Amino acid sequence: MSAKKRFAILVGGGPAPGINGVIAAATQHALRSGHEVLGVREGFARLIKGDRACAPPLGDEEVESIARRGGSYLGISRANPTKDPAKLEAAVSTLVELGVDKLITIGGDDTAFSAYKVSQHSAGRLRVAHVPKTIDNDLDLPEGVSTFGFQTARHVGAQIVSNLLTDAQTTTRWFFVVAMGRKAGHLALGMGKAAGATLTLIGEEYAGTSLKAATVVDTLAGAVVKRAALGLPYGVAVLAEGLVELLDEAEIASMGNVERDAHGHIRIAEIPFGDIVKAQVQKRLAEIGAPATTIIAKNVGYELRCVDPTPFDAEYTRDLGYAAASFLLGGGSGAMVTVQNGKLTPKAFDDILDPKTGRMRVRMVDAGSDNVRVARAFMTRLLTSDFESPDALARLASATKLSPEAFKAAFAHVAA
């Protein structure tokens, strides 16, 4: 077997349902095309150290039973080969020394960027294809085409939110659910809309504005009051974790309970956002004389990443694994593989690169879309009409100790 007839497959970033489906399909297709396949362990972490033992052979016996299982047979890491030219060269040269000339990477936007740089740096030594994986659904794919793992994560996340809605009604309490998603609100919106959450807040709703902590707090407090005025003192709010990145660091610090690094900077990723918002909403409700409300904060994300894929993602990842191997076998390189209208279609790295940031373009939720419009139509939150109708305003104020005029002055700024 020629040393120049080897594939390598690696996984970067965080877990997502369906990784093993891609590994299995790509491996089996490559093997049946007369190629050897190496499975790179722990993403780029060991490659950038020149560890040639990190990529043992993959055969049918290793992959045939993993396709419908969650997790990653090859492990995973967030190691970044692009920060140091020496590490980038170590990754490329180690693969070449192992007889690899075709590389399939599986991951989100960071791994896609690493694949792009590896492809560039290899100068023809490697052909590279990337498979779009993330529960965040934030890679630059065509409208309506999801990253793999998102549909499964939304499915399981919606079940969790639905269960919490039943608990909320049964126990007369509120849940604030913070959903993973980094910058983009796709997962939060998908979970909240599918489960019929009381309301969902995503960062894209506030794009182009300076988001204040008081806006988030008063939007949630207003929803609690409105539900109480309707005789429904319970609910579930889904919050996209990306909201926290829109807040000013000084405001976050004023909330308390935040961690700082050795340089005194706030660790955004370590902020217990749900707990902080819960405390601030309870404080706000007490200030306006609303009845005491039990609020439970819950983060949802890690529970979704390694579950077995749904049939959608199981089929989808088989398509993507086959597409990645086929693209490379056909002489292609330097692209992310996609499935568009049932056709396996590569999308060049250069076409998904954001010229402003020099990084891979991030797909955000279109806040003006019908998808969002329908979601908001079924949410409970304060509306402009609530403040225009004297009867509606009086009913809201009656759930607090504020006069209608005082309630309007306090909450009209969050009316949707």
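The values are calculated or read from the model by the stated rules, or taken from the named source; none is laboratory data. Keep in mind it's a predicted model, so treat the numbers as computed, not measured. Methodologically, a virtual Cβ is constructed for each residue, glycine included, from the backbone with ideal geometry; neighbour enumeration extends over all protein chains shown. Accessible surface areas use protein heavy atoms only, side chains included; no ligands, DNA or RNA. Shrake-Rupley method; radii C 1.70, N 1.55, O 1.52, S 1.80 Å.
Odds and ends about this structure:
- Any hit, the stretch 282-296, residues being part of a strand (DSSP E or B), modelled with pLDDT of 95 or more and aliphatic (A, V, I, L, M): yes
- Note on the stretch 196-242: residues that are in a strand (DSSP E or B), touching a Gly at 6+ places or on another chain (Cβ under 7 Å) and among the β-branched types (Val, Ile, Thr) amount to 2.
- Sole exception among (1) of a type in the set (D, E, K, R); (2) more than 30 Å from VAL414 (Cβ to Cβ); (3) open to solvent by 20 Å² or more (accessible area, probe 1.4 Å) for ASP313, by number: (3)
- Inspection of the stretch 216-226 identifies no residue that is closer than 20 Å to LEU304 by Cα and open to solvent by less than 10 Å² (accessible area, probe 1.4 Å).
- Scanning the stretch 327-345 for residues that are of a type outside the set (Val, Ile, Thr) and either at pLDDT below 95 or out of contact with any strand residue (DSSP E or B) (no Cβ under 7 Å at 6 or more places or on another chain) (or both) gives LEU329, GLY330, GLY331, GLN340, ASN341, GLY342, LYS343, LEU344.
- Among the residues making up the stretch 169-184, those that are in contact (Cβ under 8 Å) with a residue 60 or more places away in the chain and among the polar types (S, T, N, Q) are GLN169, THR171, THR172.
- Any hit, the stretch 377-388, residues being free of Cβ contacts under 8 Å to residues at least 12 places away in the same chain, within 28 Å of LEU139 (Cβ to Cβ) and not small (Gly, Ala, Ser): no
- Each residue in the stretch 83-104 was checked for being closer than 14 Å to LYS117 by Cβ and surrounded by fewer than 17 Cβ atoms within 10 Å (Cβ to Cβ), and 5 of them qualify.
- Only one entry of GLY70, GLY43 meets the criterion of being part of a loop (DSSP other than H, G, I, E, B), surrounded by fewer than 24 Cβ atoms within 10 Å (Cβ to Cβ) and not aromatic (Phe, Trp, Tyr), and that entry is GLY70.
- Filter result for GLY34 (under 19 Å from THR111 (Cα atoms), outside any helix (DSSP H, G or I) and open to solvent by 10 Å² or more (accessible area, probe 1.4 Å)): no
Quick grid of which residues meet (1) open to solvent by 80 Å² or more (accessible area, probe 1.4 Å); (2) hydroxyl-bearing (Ser, Thr, Tyr); (3) in contact with a strand residue (DSSP E or B) (Cβ under 9 Å, 6 or more places away or on another chain); (4) modelled with pLDDT of 70 or more:
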{"site": "ALA237", "(1), (2), (3), (4)": "no, no, yes, yes"}
{"site": "GLU241", "(1), (2), (3), (4)": "no, no, yes, yes"}
{"site": "GLU249", "(1), (2), (3), (4)": "yes, no, yes, yes"}
{"site": "GLY256", "(1), (2), (3), (4)": "no, no, no, no"}
{"site": "ARG267", "(1), (2), (3), (4)": "yes, no, yes, no"}
{"site": "GLY274", "(1), (2), (3), (4)": "no, no, yes, yes"}
{"site": "LYS278", "(1), (2), (3), (4)": "no, no, yes, yes"}
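- Residue match in the stretch 56-63 (condition: β-branched (Val, Ile, Thr), surrounded by 23 or more Cβ atoms within 10 Å (Cβ to Cβ) and within 30 Å of the chain's Cα centre (by Cα)): yes
- Test: residue in the stretch 331-344 that is surrounded by fewer than 19 Cβ atoms within 10 Å (Cβ to Cβ) and assigned to a helix (DSSP H, G or I): no
- Across the stretch 300-310, the qualifying residues are those that are open to solvent by 40 Å² or more (accessible area, probe 1.4 Å) and more than 13 Å from PHE148 (Cβ to Cβ), and the one among them that is nearest to the chain's Cα centre (by Cα) is TYR302.
- Of all residues making up the stretch 112-132, the number that are open to solvent by less than 10 Å² (accessible area, probe 1.4 Å) and within 14 Å of ALA324 (Cβ to Cβ): 8
- Any hit, the stretch 207-220, residues being among the acidic types (Asp, Glu), more than 19 Å from the chain's Cα centre (by Cα) and at pLDDT 95 or above: yes
- Residue match in the stretch 160-168 (condition: surrounded by fewer than 24 Cβ atoms within 10 Å (Cβ to Cβ), free of Cβ contacts under 8 Å to residues at least 40 places away in the same chain, closer than 20 Å to ARG363 by Cα and out of contact with any helix residue (DSSP H, G or I) (no Cβ under 8 Å at 6 or more places or on another chain)): no
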